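Chemist: Got a structure for you, questions after.
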Amino acid sequence: MAEIKMSYIFIEKQKNESKVMQEILLEVIDDVVQERTSDVIIVNDVEIEYRIIQKKNSERCFLEMSSTERVNKAIGALQVVDDAIFKSSQQKYYHSIRDYDGISESNCKRLYPKYAEFERKLRSLVLFILTKAYGSNWRTETVSEDLLSVLKENAHGKLSLNETLENMDLATLEAYLFEEREVNYLSIINEQLDTNSLSKLSKEEICKIIEGMRPTSLWERHFSKFGSQDSWKSRILEIHQTRNDVAHQKTISINTFTTINKKLNSLNRDLTSAIEGIREENFTEYGVVDILGSFATLIGQKMRDTFLSQSFKDVIIGFNAKVQEIVKPMIDVYNSGITEALGSVAKSYMDIGLGIDQLEMVKSMSGLAEQFAITSSITEKLIPKNLVGDYFTTPQIVAQKISSMESLTNPLSFYSSDKMLDEEEE
């Protein structure tokens, strides 16, 4: 177990005629502990070792406490004694100074990685959005000359695209995101809204130019889909001041730790969701091939458990192999290949010498090939791209939706509905 330590230096403020400072402090401690011996106190069932020393006739006294109980329990118990020291009516006799603050040390150690995560994820979100909007010109388009000059100075003259955001501290990054841009109104009026231009522009085009003259922030122009600027700015500012205290190992109380920890957890969750959403939107393509891969797996599982014929297994293996061959990011391969694959399966059955029930199944398999033609239009309906919350649609979820649709389940009517119900109950 980690040790949490607290130590204090006390300086006499006012002399007590009958007691030395050490005795006064022990009285303060006795008011809040369950039990005290010469070297141990118990608070909230937590054992704390302590040592209090003072030289004869000295105006100073030293107190040290430590606990190796679980961190949260140890901190809670030590905080009780700390509060008593700084809130006691006996303070008229002493000045108290924390010589070593193990409570704050532990709180800072636990918060700092979350601040680091927050800053890295915020920079990541900025890069995803701006590189999509401006490509390799994102710095030229969004970083002012004055700010770029400061950043280059901090980087000792050389500043690559990769290092640009890393050289912004949190305050600079906040200003970069939330401050309104400067607008050169005179230039816009002379170049875009001059008499000659106005005569050629429609009302809608003029309104668009005027709207572009509004001094919006970078967040308003590119990040509003993730929430309002006021909301994000408020949340970030709430954790900003404490971030500096944490970085410089200043006093962080339990209440402050609890509040900031919750806010950081919430911010980091929201940033993670936004980053994953924009990453999927920018770099991942979902289409009918994704649905096809999941659908092939679904068919294979259902049919494998139903039929024991080795010949049938061979056909299914061939079918799955064909599907795996065409599950590539090429829609044109999908459109023609799947129909061939299913047609081949039906033909293979006819060559095997099947019974009446199995022949009905072959007819259904042929019908299944025709049904695949409609999945392209279904795909677009199942994968909306306008909201962050919809970015996490996966091929597996799409397959589940398709398998529940009447238009696609009818061709599998040869599979016993009673057996499917039995499997669902299991």
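Bear in mind these aren't lab numbers, they're just calculated from the coordinates by the rules spelled out. Here the structure is a predicted model, which is why all the values come from computation and not from measurement. When we count neighbours, we look across all protein chains shown, and the Cβ atoms used for this are built from the backbone with ideal geometry, even at glycine.
Chemist: Using the beta-carbon distance between GLU163 and PHE283 and R0 = 25 Å, what value does 1/(1 + (r/R0)^6) give for FRET efficiency, to the nearest 0.05?
Modeler: Numbers: r = 23 Å, r/R0 = 0.92.
Result of the calculation: an efficiency of 0.65.
Chemist: Set the Förster radius R0 to 51 Å, insert the Cβ-Cβ distance between ARG98 and GLN229 as r into 1/(1 + (r/R0)^6), and round the FRET efficiency to 0.05.
Modeler: Numbers: r = 39 Å, r/R0 = 0.77.
Efficiency, rounded to the nearest 0.05: 0.80.
Chemist: State, as an integer percentage, the relative contact order of segment 22-143 based on alpha-carbon contacts under 8 Å between residues 6 or more apart.
Modeler: Numbers: 92 pairs, mean separation 20.2, N = 122.
Taking the mean separation of contacting Cα pairs over the length of segment 22-143, I get 17 percent.
Chemist: Which residues among segment 73-90 fall inside the zone where the amide N is under 20 Å from a point 7 Å beyond the Cα of TYR112, along Cα→Cβ?
Modeler: Hits in segment 73-90 for TYR112 at 20 Å: 75.
Chemist: Hey, with R₀ at 25 Å, roughly what FRET efficiency would GLU276 and SER197 work out to, going by the Cβ-Cβ distance, to 0.05? Write down the numbers at each step before the final one.
Modeler: Values: r = 43 Å, r/R0 = 1.74.
Step by step, r from the Cβ atoms, then E = 0.05.
Chemist: Using a basic spin-label model with each label point 7 Å from the Cα along Cα→Cβ, how many nm lie between ILE11 and LYS208?
Modeler: The modelled label-to-label distance comes out at 7.0 nm.
Chemist: Considering only Cα-Cα distances, which of the following residue pairs are longer than 23 Å: LYS15/LYS250; LYS121/LYS263; LYS114/LYS233; LYS109/LYS262; LYS13/LYS56? It would help to have the intermediate numbers written out before the result.
Modeler: On the way: LYS15/LYS250 31 Å; LYS121/LYS263 15 Å; LYS114/LYS233 18 Å; LYS109/LYS262 15 Å; LYS13/LYS56 17 Å.
Table pairs above 23 Å Cα-Cα are LYS15/LYS250.
Chemist: Note the full-extension length gain between GLU3 and GLN34 as 0.36 nm times their separation in residues minus their Cα-Cα distance, in nm to one decimal. Mind showing how you got there, number by number?
Modeler: On the way: separation 31, 0.36 × 31 = 11.16 nm, distance 2.10 nm.
Full extension from GLU3 to GLN34 adds 9.1 nm.
Chemist: What is the fewest-to-most order of GLU281, GLU180 by other Cβ atoms lying within 10 Å of their Cβ?
Modeler: Values: GLU281 14, GLU180 11.
Listing GLU281, GLU180 from fewest to most nearby Cβ atoms yields GLU180, GLU281.
Chemist: Based on other C-beta atoms within 10 Å, arrange PHE62, PHE257 from fewest to most. Write out the running numbers ahead of the final one.
Modeler: Details: PHE62 16, PHE257 20.
Listed from fewest to most nearby Cβ atoms, that is PHE62, PHE257.
Chemist: Please give the contour-minus-distance gain from GLU27 to ALA175: 0.36 nm per residue of separation, less the Cα-Cα distance, rounded to one decimal in nm.
Modeler: Working: separation 148, 0.36 × 148 = 53.28 nm, distance 5.17 nm.
Length gained, GLU27 through ALA175: 48.1 nm.
Chemist: Next question, about the same structure. Using alpha carbons only, how many angstrom separate the centre of segment 81-144 from the centre of segment 8-30?
Modeler: Segment 81-144 and segment 8-30 have Cα centres separated by 36 Å.
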